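Coordinate-derived values only; no laboratory data. Keep in mind that this is a model prediction, so the values were computed, not measured. Ideal geometry is used to build each Cβ from the backbone, glycine not excepted, and the neighbour counts take in all protein chains shown.
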Amino acid sequence: MLIILAASIRFGAIDFSVGDITRAISSLFPGQPDATLDQRIFLELRLPRAILCMLVGASLGVGGTLMQALFRNPIVEPGLVGTSSGAAFGSALFFVIGGVLSIGSSLYSLPIAACIGSVIATYLVFILARSREAGRSSIVMLLLTGMAINALFMSAIGFLSYIARDPQARSITFWSLGTLSGASWIAVQVLAVSTVGGTALAVTYAKQLNALMIGEEEAMYLGVNVNRLKWIILSINVVIVAVATAFTGVISFVGLIVPHILRMMRGADNRFLILGSAFMGATLLSVADLIARLSLRPAELPIGIVTSVVGVPVFLYLLRKRQYVF
């Protein structure tokens, strides 16, 4: 991860040498010359983007691990149950009506709007997928309901794009493809709190998730409050994924691929998977960001395109093979 981080801050539309990076960082200390234009580009654009990318990857990786553990299914990711589309809808709604309602002055308005949309979408899927007889959600119903809710919210985003003015419509369009071009130190601070806090809280429930893998009734016999665990894990997933989506847009398949790579390495113990998915997600998304920046430089591809090109074949492979069972 550290090697990829070093490459991420060095290479892009402008390449920075080790000396350039050292001089840029030293300019922050008292008594040093003011930063040049290139140094300011590094400090205000390149460095926060690299760190934000790792935090987003960690959030998506942890979110995917939590959802797969909760539903005991290896093809579940946050985007399949409405979390990402709901966050994107909340953010798009904020773009369109935020100025009208004068709620855009706070630095936290956008993440809050994304979280609200994500909460609505995720819990709507969870409630509609519940069986009337058993009171629980089957995996098939969950995924089918998630597809329907995703389509509903994406249609709503399309409507907001249609009625929005040009700057607002462009922001929504970039979001639908996923982008890290809007990275800032404010975004890094907000996302660091949600990612680190959510991951730390999720680790405390790793043993309960391990018990849940053998079945809900068996986990109840072992003393796990299954309903309470579901709501807690869903809430953690909503917060970390929604805040990440608020700043970068919809980035697919990271939460699907990362847990599978880790299971091939060391099995399905969630005590390893949760922390490992944070580091692995950060690494893989940083690699995707490097590809997006270097493939067409000085222009760049939306990072969501890169992750989808890689993620779709892997997803189809998992659907056909279903090698990893819980």
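Remarks
- Extension gain, Ile163 to Phe11: 0.36 nm times the residue separation minus the Cα-Cα distance gives 50.9 nm.
- From most to least packed by mean Cβ count within 10 Å, the peptides 239-248, 120-129 give 239-248, 120-129.
- Across the stretch 223-326, the volume of the C-alpha convex hull divided among the residues equals 119 Å³ per residue.
- Highest average packing first - 211-219, 88-96, 27-35, Cβ atoms within 10 Å: 88-96, 211-219, 27-35
- The Kirkwood hydrodynamic radius of the chain, based on inverse pair distances between different Cα atoms, is 20.4 Å.
- When all alpha carbon pairs of the stretch 61-101 are counted in 5 Å bins from zero, the resulting P(r) reads 6, 24, 21, 14, 12, 9, 9, 5, 1 %.
- Backbone HN-Hα couplings from phi across the stretch 173-187 [Karplus 6.51/-1.76/1.60, Hz, Gly and Pro as x]: 5, 4, 5, 5, 9, x, 8, 10, 5, x, 4, 8, 5, 5, 4
- The stretch between Val309 and Asp20, if pulled fully straight at 0.36 nm per residue, gains 100.7 nm over its current Cα-Cα span.
- Shape descriptor for the stretch 160-278: Rg over Rh equals 1.08 (Cα atoms; Rh from the Kirkwood inverse mean 1/r).
- Segment Asp269-Arg228, length gained on full extension (0.36 nm per residue, minus Cα span): 12.7 nm
- Built from the Cα atoms of the stretch 1-121, the convex hull projects on average onto 10.8 nm², one quarter of its surface area.
- Packing-based ranking, highest mean first, of 223-234, 288-299, 53-64 given that Cβ atoms within 10 Å are counted: 53-64, 288-299, 223-234
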